[in-house]
Amino acid sequence: MSKARQGNFFEDFKLGQVIAHAAPRTVTSGDVSLYTAIYGPRFAVQSSDEFARAIGYARAPVDDFLVFHVVFGKTVPDISLNAIANLGYASCRFLQPVYPGDTLSAVSEVIGLKENSNRKTGVVYVRSRGVNQDGQDVLEYVRWVMVRKRGEKAEAPGDHVPQLPAAIDPAMLGTACPLLQVHNYDFAQAGSRHRYEDYAAGERIDHVDGMTVEEAEHQLATRLYQNTARVHFNQFAEAQGRFGRRLIYGGHVISLARALSFNGLANAFHVAGINGGRHVAPLFAGDTVFAWSEVVAKAELPARSDVGALRLRTLATKDRPCSDFPGQSGKDYDPAVILDLDYWTLVPR
Amino acid sequence: MSKARQGNFFEDFKLGQVIAHAAPRTVTSGDVSLYTAIYGPRFAVQSSDEFARAIGYARAPVDDFLVFHVVFGKTVPDISLNAIANLGYASCRFLQPVYPGDTLSAVSEVIGLKENSNRKTGVVYVRSRGVNQDGQDVLEYVRWVMVRKRGEKAEAPGDHVPQLPAAIDPAMLGTACPLLQVHNYDFAQAGSRHRYEDYAAGERIDHVDGMTVEEAEHQLATRLYQNTARVHFNQFAEAQGRFGRRLIYGGHVISLARALSFNGLANAFHVAGINGGRHVAPLFAGDTVFAWSEVVAKAELPARSDVGALRLRTLATKDRPCSDFPGQSGKDYDPAVILDLDYWTLVPR
Amino acid sequence: MSKARQGNFFEDFKLGQVIAHAAPRTVTSGDVSLYTAIYGPRFAVQSSDEFARAIGYARAPVDDFLVFHVVFGKTVPDISLNAIANLGYASCRFLQPVYPGDTLSAVSEVIGLKENSNRKTGVVYVRSRGVNQDGQDVLEYVRWVMVRKRGEKAEAPGDHVPQLPAAIDPAMLGTACPLLQVHNYDFAQAGSRHRYEDYAAGERIDHVDGMTVEEAEHQLATRLYQNTARVHFNQFAEAQGRFGRRLIYGGHVISLARALSFNGLANAFHVAGINGGRHVAPLFAGDTVFAWSEVVAKAELPARSDVGALRLRTLATKDRPCSDFPGQSGKDYDPAVILDLDYWTLVPR
């Protein structure tokens, strides 16, 4: 049998199974530079060691989504190499700040398995954790994917669908953000005077700018995360596939939307948790991404007067500006929508 | 009113106004690597910590134009988001070396305002400074741009055109370059045996090589500088614009020309100042950039026998080699010329 | 005479000549990040400082081929700017680990010269060395290239063809790999349970995945190595050339094949030496690269029980999966083959 791996199929998973993923990865300031070059984020806390130190970080922390992508990437060869679809995320929490020089590993536990009625596929639910060199969890999330079976006749390896919350309790957020010295937070340098108090539930913000994506860019990003999903890299195979083209990693769209959201949300400097997300439609090279956000809810955090939490829903579109907030009517999305992301950010009070 | 910013219009500026730009940025060795990957510079001082230390730097300094682009990028959201044209630069001086780990902020003062006779636009003059974490100025330059008015009837916010020198007095140059131990400057390792004394005013140098530019490359660069000018990134909008294409950041052309100029100017290791520059024509992805330089003047620096200053005029072209030095005849440029840059470099004596 | 260099021609070389190449280069974690983004390698030793330290390295060493490309790049302006063809490599050994922060220089000695019968070209053989800031050799290899003569009538500068071994004696390998504490080598984290003992001579491994190459990617890589070979960058000139397109640096193909080979060779973490290599056909942007490997031989290293050496032959193809191991029949290669590389790797025992 060949030593090359073809990934796990549905019947290879077991309920309660714990998978230690390869390979550990030291995140460096070089990764941060590439992340900046690929998406153009401008949040002051992640951009400046001086700014971050002044308010209570050890230095500029690594962008939350860069942490997410690195951990996520490690899970791909074991969890989703034979996936047909990424069905959802839930209960994603950022637990510790990550700094350049930290080394991240990833571990997943299989928490749910459900065969589909066609007996050709099944849904695998995993809780994945990113762990740093000190053994601390830096990130935790649940993800479920539809995975092929190797053989239609194979026995289903289990039948359990976990209960998942629609949203994270804000009382569980914020451990990745040290207690801030807000009096040292320079709002002019951060690019906006708006604090937690200035945002209102229901408020909508068009992030104005558009960003066109190139093949080289999303490939560089996805390899930086050591994500090996084949659909992103292999034009020879994808030419025969459903779209005829390489599919862009969904996380690439999230990072683009997050970077665009700086314009209007400059002080929402930390993504504390992700309640859920849906990749409504695929993105391809040559498309231009736009985004807008709605403030879904606001929440104070227990025993913290430095920051408050804004629950945001950010929608990204392709080839369509968002000045009129294209979204959902009933179950149907505007045809330009590609991402619907529901997450908690922290904002200085 | 939305919290997303649309940039300042001509009538929003005031003479004497001081603008602190967002966001501070820690420049790292990751940025240096990307700069190398994007342009391919080979100047030994910026390439090697060992080479730089041997002659008197703390370590390899960050490329001067990377410093310029980072500072310039910060000014874009406040100064030129609604600009129609970048009209010129003057009096740009590099004042302190920048090393990986330094954090740069940018501040601009409005030093001139002149409404155009059509009352739809006006020219804004700013003196911008890049400042490091110790409060030292690392860079200073004057720039003027033509900016739209929000409304034709708005009152002009002032009427003053500053006096600007045609060239920087060489006596004001060189503070970003420590006093060098020239006996430790290894000319073989630097790639050329030519010293200050070997160059003559009037000398012309064809830099020989050509470099083709890709969309992904200039987008990566311009985002690395956190420059948000829309014309560089948004193909959806630019498809309807004047050129039908994304316009490449002018600073990208400058950095390409500077990297090409290594072949012939390998020991002109430091750009001490920029007298002026003109983006004669736009560059687009797929075009190939060539360059040539003329030594316009030579100058010794007061109280320094380690280095001398060469005033260079570097012209870049697209899709046209420069062996016959295509330039200007009267006011007209050769149609292939895209850049005409007048600057001072330092060269070991 | 212009100060810009046009490179050496065949008659400019002398037997025994030693050439110190420009410019020294400090390799940083930024370079490592770019290397990861461009090829996607996942070998744990190079990916994680923690993993590397646990087994005996000072920290994660720089990828062997990144070291090779940086040293090779420096030799280009002196050795192969006027080359028609890169004919071969031999006796390439990695001698010391390279870590981020190390500064590399390159020196070459001309060890062979042979004019071709047409008198228009000749073959130049050089032994090149990469040297770190402490004066230690980190890499050594022999390379031979066919170089143009400036003039047909020029006297041949020598006539000597060096004897080169078909393969490196394994007893001469491994100094770049410290004595490992194999009990700390975490095979799960490394991504494979296979040790030296698990591989057999004659074993073939399809590396499964394909990677499509973009112009921006190979240009970024080749400039990162400060490799100035014109054919990789200048579409204006290459449009009139043999292929009508930019040619991708052969080392880019090697690094792609090496990264793909992780799937099946995850524990072959160190390239200790290269016996030889042949760029069978050119690669162009848009092509998709696949690879497979054969274990040619196995060898224990003198006085080392921590690692063993696998001699591998890795073949890369374009636009053709390798599940049936396309290779050579007699002297003829499958038309899809672009690379045939023969090298020694180290694997934990």
- Task: Check whether at least one residue in the range B:95-102 is among the β-branched types (Val, Ile, Thr), at pLDDT 95 or above, in contact with a helix residue (DSSP H, G or I) (Cβ under 9 Å, 6 or more places away or on another chain) and assigned to a strand (DSSP E or B), and report yes or no.
- Result: no
- Note on the structure: Among B:GLU203, B:GLU215, the single one that is within 14 Å of chain C (Cβ to nearest Cβ) and crowded, with 23+ Cβ neighbours inside 10 Å is B:GLU215
- Task: Identify, from the list A:ALA259, A:ALA303, the residue that is open to solvent by 10 Å² or more (accessible area, probe 1.4 Å) and without any contact (Cβ under 8 Å) to a residue 40 or more places away in the chain.
- Result: A:ALA303
- Considering residues of the range A:146-167 that are surrounded by 15 or more Cβ atoms within 10 Å (Cβ to Cβ) and in a strand (DSSP E or B) only, the residue nearest to the chain's Cα centre (by Cα): A:MET146
- Task: Examine the range B:175-193 for a residue that is in contact with a Leu (Cβ under 7 Å, 6 or more places away or on another chain) and open to solvent by 20 Å² or more (accessible area, probe 1.4 Å), and state whether such a residue exists.
- Result: yes
- Message: If the requirement is being more than 30 Å from C:ASP209 (Cα to Cα) and either surrounded by fewer than 23 Cβ atoms within 10 Å (Cβ to Cβ) or touching a Pro at 6+ places or on another chain (Cβ under 7 Å) (or both), which of these qualifies: A:GLY88, A:GLY56?
- Response: A:GLY56
- Sort out which residues of the range A:231-262 are in contact with a strand residue (DSSP E or B) (Cβ under 8 Å, 6 or more places away or on another chain) and assigned to a helix (DSSP H, G or I), and write them in order of number. A:GLN235, A:PHE236, A:ALA237, A:GLY250, A:VAL253, A:ILE254, A:LEU256, A:ALA257, A:ARG258, A:ALA259, A:LEU260
- Message: Which condition from (1) under 26 Å from C:VAL289 (Cα atoms); (2) loosely packed, with under 14 Cβ neighbours inside 10 Å is the one that C:ALA171 breaks?
- Response: (1)
- Query: Which residues, counting only those in the range A:271-314, are within 14 Å of chain B (Cβ to nearest Cβ) and in a strand (DSSP E or B)?
  - Reply: A:THR288, A:VAL289, A:PHE290, A:ALA291, A:TRP292, A:SER293, A:GLU294, A:VAL295, A:LEU310, A:LEU312, A:THR314
- Hey, among the residues in the range B:316-333 that are in contact (Cβ under 8 Å) with a residue 40 or more places away in the chain and not in a loop (DSSP other than H, G, I, E, B), which one's most open to solvent (accessible area, probe 1.4 Å)? B:TYR333
- Determine whether B:ALA200 is farther than 30 Å from B:GLY112 by Cα, within 25 Å of the chain's Cα centre (by Cα), in contact (Cβ under 8 Å) with a residue 12 or more places away in the chain and part of a loop (DSSP other than H, G, I, E, B). yes
- Message: I'd like to check something: does the range A:38-48 contain any residue that is at positive phi, facing another protein chain (nearest Cβ under 10 Å) and at pLDDT below 95?
- Response: no
- Item | Hits in the range A:2-37 - residues which are open to solvent by less than 20 Å² (accessible area, probe 1.4 Å), facing another protein chain (nearest Cβ under 7 Å) and not in a loop (DSSP other than H, G, I, E, B) | A:ALA22, A:ALA23, A:PRO24, A:ARG25, A:THR26, A:GLY30, A:ASP31, A:SER33, A:LEU34, A:THR36, A:ALA37
- Query: Across the range C:263-281, what is the total count of residues that are in contact with a strand residue (DSSP E or B) (Cβ under 7 Å, 6 or more places away or on another chain) and open to solvent by 10 Å² or more (accessible area, probe 1.4 Å)?
  - Reply: 6
- Message: I'd like the full set of residues that are assigned to a strand (DSSP E or B) and open to solvent by 30 Å² or more (accessible area, probe 1.4 Å), limited to the range C:112-126.
- Response: C:LYS114, C:GLU115
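The values are calculated or read from the model by the stated rules, or taken from the named source; none is laboratory data. Predicted model only: the values in this text are computed from it and were never measured. Ideal geometry is used to build each Cβ from the backbone, glycine not excepted, and the neighbour counts take in all protein chains shown. Just the protein is used for accessible areas: all its heavy atoms, side chains included, with ligands, DNA and RNA removed. Shrake-Rupley method; radii C 1.70, N 1.55, O 1.52, S 1.80 Å.
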